[in-house]
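Read-outs: derived from the displayed coordinates by stated rules, not from any lab. Owing to the predicted nature of the structure, the values given are computational and were not obtained by experimental measurement. No Cβ is skipped: glycine too gets one built from the backbone with ideal geometry, and neighbour counts run over all protein chains shown.
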Amino acid sequence: MAVLDTTRTASHAGLFGGLFKLVGTVAAWNDARMTRKALSQLSDRELDDIGLVRGDIDRITF
């Protein structure tokens, strides 16, 4: 009769779940960073065209 040990997979599932969460957090941070950079490079006129002012940039990317 075979014995199935499920304790190892459960601990790995927690490890991989934490790793995926970390990767997701880093990806979200990078997306916000890139958005802030792109918006910061726009002129005040261009920001006005899309309904933003310079002070909105940090507020909308967090």
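Consider segment 50-62. How many of its residues are assigned to a helix (DSSP H, G or I) and surrounded by 10 or more Cβ atoms within 10 Å (Cβ to Cβ)?
Number of matching residues: 4.
Go through segment 34-49 and count every residue that is part of a helix (DSSP H, G or I) and free of Cβ contacts under 8 Å to residues at least 12 places away in the same chain.
Number of matching residues: 9.
Condition first: among the hydrophobic types (A, V, I, L, M, F, W, C) and under 21 Å from the mean Cα position of the chain (by Cα). Now tell me which residues in segment 25-62 satisfy that.
Answer for segment 25-62, where residues must be among the hydrophobic types (A, V, I, L, M, F, W, C) and under 21 Å from the mean Cα position of the chain (by Cα): Val26, Ala27, Ala28, Trp29, Ala32, Met34, Ala38, Leu39, Ile57, Ile60, Phe62.
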